[in-house]
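A short worksheet on the structure shown next.
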C-alpha cells in the first residue's frame with residue numbers, strides 16, 4: 001500500500017502529517033509513505049519517519065497584489081505537469097492533504113486519476129485548497145465544530161489535530177529536562193517558530209511586574225533572541241530577578257513537550273496546532289492572535305478555543321502590559337477559574353486524532369489497492 005502526504009509550507013500544515021506518519025509506521029499494513037511538494041518544512045522529520053520526498057513545485061496565490069503572483073502561475077502549471085507524471089509513476093492508494101497552496105497540483109491530478117483523497121482542515125475557517133477538494137474528497141477531518149458547515153455532512157468528522165508523540169507524551173520530571181527549579185509558577189511565552197515582536201515587547205515591559213512572583217520562559221524567535229536578552233538586562237531593575245527569566249530563540253520538540261508539562265500558563269499566538277498542543281496538556285492559556293489584516297485564521301481560531309472556556313483572548317491592537325499582567329494573575333490566583341480552564345482544555349483536546357486519521361487512510365487505501 002502507498003500513502004501520499006501533501007500540505008502547505010508551514011509547520012502547522014507539516015507536523016500533523018508527521019504525527020499521522022508516526023502511527024502509520026506502527027500499523028501492521030506497513031504502507032510506503034511519500035511526501036509530495038516543494039522543499040519540505042523539515043527534511044529530517046521525513047527521513048526519521050521513512051517518508052520519501054517527491055519534489056513537486058507549486059505557486060502561491062496571495063491575497064494582495066504582487067508580481068510574484070504572475071510568476072507563480074508558471075510554478076503552478078509546472079506543478080500540475082509534475083504531478084501528472086509522478087502520480088502516474090507512483091500511483092498512491094490514497095492521498096492525505098493538509099491543504100495549503102502546495103497541495104493544489106497534487107489534488108487536481110488526484111481527481112484526474114481517481115485516486116482517493118482525505119483532507120484535514122486545522123482552522124476554524126477553511127482554506128481555499130480544502131474548499132477546492134471538498135467535493136471529491138472521500139473523508140474530511142476537521143478540528144473545530146465551527147468549520148463543519150463548509151463541508152458535506154455525510155463525509156465530515158470532528159477529529160482534532162494530530163500531535164507528534166514527542167510533544168504529546170507526558171514527562172514525569174519536565175523541570176529537570178528544562179534545567180530550571182520548580183519553585184514558582186512558570187509562564188511559557190511563545191510567538192510561534194519565528195517569534196512575535198509585539199508579544200516580545202509586551203513581555204519585556206512586564207518583567208518587573210512578573211519576575212518577583214513567576215518564572216518566565218520566553219521563546220522569542222531566532223532573530224530576536226539576542227535583542228530580547230540585552231533589552232531585559234537593561235529593563236529589569238533588580239538584576240537578581242533575571243535568574244527567573246529564560247530566553248530561547250528556537251525550541252526543540254523535546255523542550256516544547258517539557259514546557260507544556262511544566263508550565264502553569266501559556267501565552268501564545270493562535271496557530272491551530274499550537275492550540276491543540278496546549279489543550280492536550282490541559283494548560284490554561286492566554287491567546288494573542290495575529291491581527292486579522294495579517295492572518296485571516298488566527299482570530300477565529302482564538303475565539304473558537306476561548307468559547308470552550310480553556311483560554312482567554314487578548315487582541316493585539318488594544319493590549320497593554322497592565323492588561324496582560326492582570327489577566328495572568330486573574331487566572332493563576334483563582335483556583336476555581338484555573339481548574340475550570342484545565343478541565344475545558346482537556347475536554348477540547350484530541351489525543352486520538354493521529355490514530356483516527358491513520359485508520360481512515362488504511363481503510364480507504366485497502367479498498368483502492
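Structural remarks
- Extended-chain gain in nm, criterion 0.36 nm per residue less alpha-carbon gap, residue 330 and residue 176: 52.6 nm
- Descending semi-axes in Å of the stretch 228-349, equivalent ellipsoid built from Cα gyration tensor: 24, 18, 16
- Axis angle, to the nearest 10 degrees, between helix 67-90 and the longest C-alpha principal axis of the chain: 60 degrees.
- Alpha carbon centroid spacing (whole Å) that separates the stretch 234-264 from the stretch 147-162: 37 Å
- Kirkwood analysis of the stretch 225-285, using all unique Cα-Cα pairs, places the hydrodynamic radius at 13.4 Å.
- C-alpha long axis of helix 253-262 to longest principal axis of the chain, angle in °: 50 degrees
- Considering only 273, 102, 76, the Gaussian network model of the chain with Cα springs below 10 Å gives its largest mean-square fluctuation to 76.
- Computed from Cα atoms, the angle from the helix 321-332 axis to the main principal axis of the chain rounds to 80 degrees.
- Stokes-Einstein, applied to the Kirkwood radius of the stretch 170-290 over Cα pairs at a viscosity of 0.692 mPa s and 37 °C, places its translational diffusion at 229 µm² s⁻¹.
- For the pair the stretch 186-212 and the stretch 9-26, the centres of their Cα atoms are 29 angstrom apart.
- For the chain, Kirkwood radius (reciprocal of mean inverse C-alpha pair distance, Å): 21.5 Å
- Considering only 167, 89, 119, the Gaussian network model of the chain with Cα springs below 10 Å gives its largest mean-square fluctuation to 89.
- Quotient of C-alpha Rg and 2.2 N^0.38 Å, computed over the stretch 305-369: 1.79
- Calculated [θ] (222 nm, deg cm²/dmol) that DSSP helices of n ≥ 4 give over the chain, each run adding -39,500 (n - 2.57): -13500 deg cm²/dmol
- For a paramagnetic label modelled on residue 48 (point 7 Å from Cα along Cα→Cβ), amide N atoms under 11 Å away are absent within the stretch 343-369.
Quick note: the coordinates plus some simple rules give every number you see, no bench work behind them. Being a predicted model, the structure only gives us computed values, none of them experimental. Here Cβ is always computed from backbone atoms with ideal geometry, including for glycine, and neighbour counts include all displayed protein chains.
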